[in-house]
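S.K.: Would you mind keeping the following structure in view while I ask a few things?
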Amino acid sequence: MDLKIYKDKQEVAEQFSSYFVDQLKDKDAFHVALSGGSTPKIVFDVLADNFADKVDWSNVHFYWGDERCVPPSDDESNYKMTVEHLFSKIEVPKENINRILGEKNPVNEAMRYANLLEIDLDRVEKTPQFDLVILGMGDDGHTASIFPHEIELWDSQDHCVVATHPDSGQKRVSINGKVINAAKEVAFLVTGASKAEKVKAVVEKTEGSDAYPASLVNPSSGNLVWFLDKEAAAKLNQNPS
């Protein structure tokens, strides 16, 4: 596990963007699962502002780790946010953008998307392998759209699952734990003081932390990077600040 701690959300976004672009070097095809959330939004802005014409975006194939079951025009759509902050500002072929169809029946869409991943990605022990999975973490320790009350979805036989938000009841389509842990590289983007308690629990494996889906992220490649701001890292024992 590699912990990278920066001053604030903006610096996290800038450093992650440089890391992301480094990952693309010398790759003819790079398959990445994106995350929604406030920090990825800034990451997409930085990528668009600083790297729009410095990256051959035709080599990058975009997917999502999870999506809310809303139309692509809805403000809650992770896809819509990515279009507004990244895709509308870079030259990327339409066929490289593989969105989860949030407006479709969730069960059918989870099956379709799982099938798409099986077709598009190389497989390791029958599991589709991303080059990079970008994850966030909620205040409750959830990641992708696998929540503590449905932690059994992590080990689902299906590569994609239908999850239910514990408060709103909103349905979401999410990749499962097996797909996350099969990735060549996994990166957490976590910022803000509200995340500090769960960051400490998950990173330091404190008692009871296995109840949080984020604690189950353990890629078999060994390549796990945390990009944190000082607020999110505040409770860590090894926090350099």
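The values are calculated or read from the model by the stated rules, or taken from the named source; none is laboratory data. Here the structure is a predicted model, which is why all the values come from computation and not from measurement. Using ideal geometry, Cβ is built from the backbone for each residue, glycine included, and neighbour counts are taken over all protein chains shown. Surface areas here come from the heavy atoms of the whole protein model, side chains and all, with no ligands, DNA or RNA. Shrake-Rupley method; radii C 1.70, N 1.55, O 1.52, S 1.80 Å.
S.K.: How much of the DSSP beta bridge set in the stretch 1-149 is antiparallel, as a percent to the nearest 5?
M.R.: Antiparallel bridges: around 25 percent, rounded to the nearest 5.
S.K.: Quick check on the chain: helices-only [θ] at 222 nm, where DSSP H runs of length 4 and up contribute -39,500 (n - 2.57) each and the sum goes over total residues. Nearest 500, please.
M.R.: Taken over the chain, the calculation gives -8500 deg cm²/dmol.
S.K.: Order these peptides, 137-146, 96-105, by their mean beta-carbon neighbour count within 10 angstrom, highest first.
M.R.: 137-146, 96-105
S.K.: Students sometimes get this wrong: rank S168, S220 by accessible area, probe 1.4 Å, all chains present, largest first.
M.R.: S220, S168
S.K.: Considering amide H positions built from the backbone, and no H for Pro or chain starts, which residues 5 or more places from L3, or on another chain, come under 5 Å of its amide H?
M.R.: W226
S.K.: In addition: So which trypsin sites (Lys or Arg not before Pro) in the stretch 1-73 end up in coil per DSSP with only 16 or fewer other C-beta atoms within 10 Å?
M.R.: Qualifying residues, ordered by number: K7, K25, K27, K54.
S.K.: Right, next: Among the listed pairs K126/K171; K41/K235; K184/K230; K89/K195; K94/K235; K94/K178, which are separated by more than 32 Å between their Cα atoms?
M.R.: From the list (K126/K171; K41/K235; K184/K230; K89/K195; K94/K235; K94/K178), the Cα-Cα distance tops 32 Å for K94/K235.
S.K.: What's the local net charge at K178, with K and R +1, D and E -1, over the other residues with C-beta under 14 Å away?
M.R.: The answer is -3.
S.K.: Also, quick follow-up: Tally Lys and Arg at +1 and Asp and Glu at -1 over the other residues with C-beta under 14 Å from the C-beta of L236: what net charge comes out?
M.R.: Within the 14 Å Cβ shell, the charges total +2.
S.K.: Just the accessible area for E150, please: 1.4 Å probe, Å², rounded to the nearest 10?
M.R.: 30 Å²
S.K.: Here's a follow-up. Out of (i) 45, 39, 36; (ii) 55, 39, 32; (iii) 68, 47, 30, which label holds the value of Cα extents along the principal axes in Å that was computed here?
M.R.: Of the labelled values, this structure produces (i).
S.K.: Taking springs between alpha-carbon atoms closer than 10 angstrom, which of D122, D53, D167 fluctuates most in the Gaussian network model of the chain?
M.R.: D167
S.K.: Still on this structure, I have one more. In square angstrom, what is the accessible area per residue of the chain with a 1.4 angstrom probe?
M.R.: The answer is 45 Å² per residue.
S.K.: Using protein chains only and a probe of 1.4 angstrom, how many square angstrom of V161 are accessible, to the nearest 10?
M.R.: 10 Å²
S.K.: Also, quick follow-up: Keeping all protein chains in place and using 1.4 angstrom, which order do E152, E95 fall into by accessible surface area, from largest down?
M.R.: Heavy-atom accessible area, descending, gives E95, E152.
S.K.: Rounded to the nearest 10 Å², what accessible area does S73 have for a 1.4 Å probe in the complete protein model?
M.R.: 90 Å²
S.K.: Considering only protein heavy atoms, with the full assembly of protein chains and a 1.4 angstrom probe, order I5, I90 by accessible area, largest first.
M.R.: In descending accessible area the options line up as I5, I90.
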